[in-house]
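Each remark here refers to the structure printed beneath this line.
Just so it is clear, none of the values below were taken in a lab; they were calculated from the coordinates. Owing to the predicted nature of the structure, the values given are computational and were not obtained by experimental measurement. Neighbour counts are summed over all protein chains in view; Cβ atoms, including those assigned to glycine, are modelled from backbone coordinates with ideal geometry.
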Amino acid sequence: MAFKSVLVIDDEESMCDFLRIMLEREGFTVQMETDGRKAFEVVGGKRFDVVITDIRMPGTHGLEILQRVKEIDRTVPVIVMTAYGTKEAAIEALNAGASFFIEKPFKKRELMAYVDRVLEVSGLRRENRLLREWVGGNGGLDRLIGSSSQMESVREHIVRVAPSDSTVLIRGESGTGKELVASAIHHNSLRCEGPFVRANVAAFSEGLVESELFGHERGAFTDAKERRIGRFEMANGGTLFIDEVGDISLRVQTKLLRVIEERRFERVGGTETLQVDVRLIAATNRDLERAVQEGQFREDLYYRLNVIPTVIPPLRERGGDVELLVNYFLDREKERNEGEAVRVSKGAMRFLTEYDWPGNVRELENVVERAVLLCDNGTITPEHLPETVRNPKLKPMAFVDDTFLPTMETIEKAYIYWVLQANKWRKQKAAEMLGIDPSTLHRKIERYQYSRDEMD
């Protein structure tokens, strides 16, 4: 990994030396400037990963340095230091684009925590800039593979809703591509120059969700060694995508509702109220209406999220899109492995197009990747496909007839059991097919009290 470069600007040479030694020990390359006027010229001729500047210096002001850096490349983070800390000075620096305002004297770990966080945020911004270049002029709509009328409707819907700043709630089964849709909405919006930050709350333990979304102060809980900014702060000026929003606890739902309504929040363990400008896109495969009825999801939050409802159709309802997706994944595997083209036999394609794909596009992608690895003659045949695709006749746990309609919980229980059976109870593989974190699958196994022989 390349060394990160830091420019340190302070008229006190001892402070520059202190910061240089500290940062070099952490693997950074450091350039020091004690002359503010020369520093002004330096930032105009060379790009740095981080700039750390004092605010009061002879010859120039730290805010002039900050403005100069932002004129050249606004993605470069600037940390402002001062021995004369006031609330007004902090507000002025932050309004001018500073990432953090830190008062002297400070501890090494405090500054390093700020440096680590600004690098993380600037990395996200550069990642989003590269993603915008990669998705091209149509904002990633080409990544939504499919010629069916259902997918055409999804693309048209994205173009209509993207320019708005309203909250979007994406509904769809696991593996349908909800994150791709959220990304396309962001990259076709007026916020496309800002960050697109993801937060899959199902991947966090319940106790960490609040910290991941809103950040925390040092000492807020046992493992909170340093201040950490959350996903809302990281997404400021852009879009925050919260996946599996239906899994958020009622306590955190209350705080989420306040952010949506007021654009304000406090970090965990903090008293400072922070203001953010974020567009929120949420996604879930849960029946939120039923969760509201059962008291598991706040009704007012549901209506705040469901301003622009967006539904992603399951793969089994998308006509001939399976064959298009198979060819897309085969082309991608060829590029990834720099190998020869792999084709699919008519028999194998028949199985692929007739299968119901309960795991949707993600399941199809995994099946194609597996088949490419297994075939050794350049042709995927039925024998290279999983038994579940060739013979999808597992015993059902839920039935639908004229007298009984199962609840979403019953359907989820049946589907998870089906996937566990299909993967011979290999939980890591089952979690991948389900599109959830292994810890989430473990909790659901405990909740539903599965037994491997309960259906035998």
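For segment 5-127, the antiparallel share of DSSP beta bridges with both residues in that region comes to about 10%. Take the Cβ atoms of K424 and L208, set R0 to 41 Å, and the FRET efficiency comes out at 0.85. Among beta bridges from DSSP that stay inside segment 137-292, the antiparallel ones total about 20%. Each residue in E103, E156 was given a count of other beta-carbon atoms within 10 angstrom of its own, and listing them fewest first yields E156, E103.
Taking each residue as 0.36 nm, the span from T254 to D35 lengthens on full extension beyond its C-alpha to C-alpha distance by 73.9 nm.
Segment 142-158 and segment 275-341 have their alpha-carbon centroids 13 Å apart. With an a/c value of 1.5 or above and a/b not larger than b/c for the gyration tensor axes a ≥ b ≥ c computed over the alpha-carbon atoms, segment 157-311 is described as oblate.
Counted over the chain, the DSSP beta bridges are approximately 15% antiparallel. With a cut-off of 17 Å on the backbone N, the residues of segment 201-233 near the modelled label site 7 Å out from H442 along Cα-Cβ are 202-209.
When each of the peptides 105-116, 409-420 is scored by how many other beta carbons lie within 10 Å of its residues on average, the order from highest to lowest is 409-420, 105-116. The length gained by stretching the chain between N95 and D17 to full extension, at 0.36 nm per residue less their Cα-Cα distance, is 25.2 nm.
Using only alpha-carbon positions in the chain, the gyration tensor eigenvalues give semi-axes of 47, 26, 21 Å once each is multiplied by 5 and square-rooted (largest first). Here the residues D321, D376, ranked from fewest to most Cβ neighbours within 10 Å of their Cβ, fall in the order D376, D321.
Taking a ≥ b ≥ c as the square roots of the eigenvalues of the alpha carbon gyration tensor, segment 5-127 is rounded, as a/c is under 1.5. Note on segment 223-262 and segment 1-76: Cα centroid distance 32 Å, given to the nearest whole angstrom. Residues S166, S14, arranged from fewest to most other Cβ atoms within 10 angstrom of their Cβ, appear as S14, S166.
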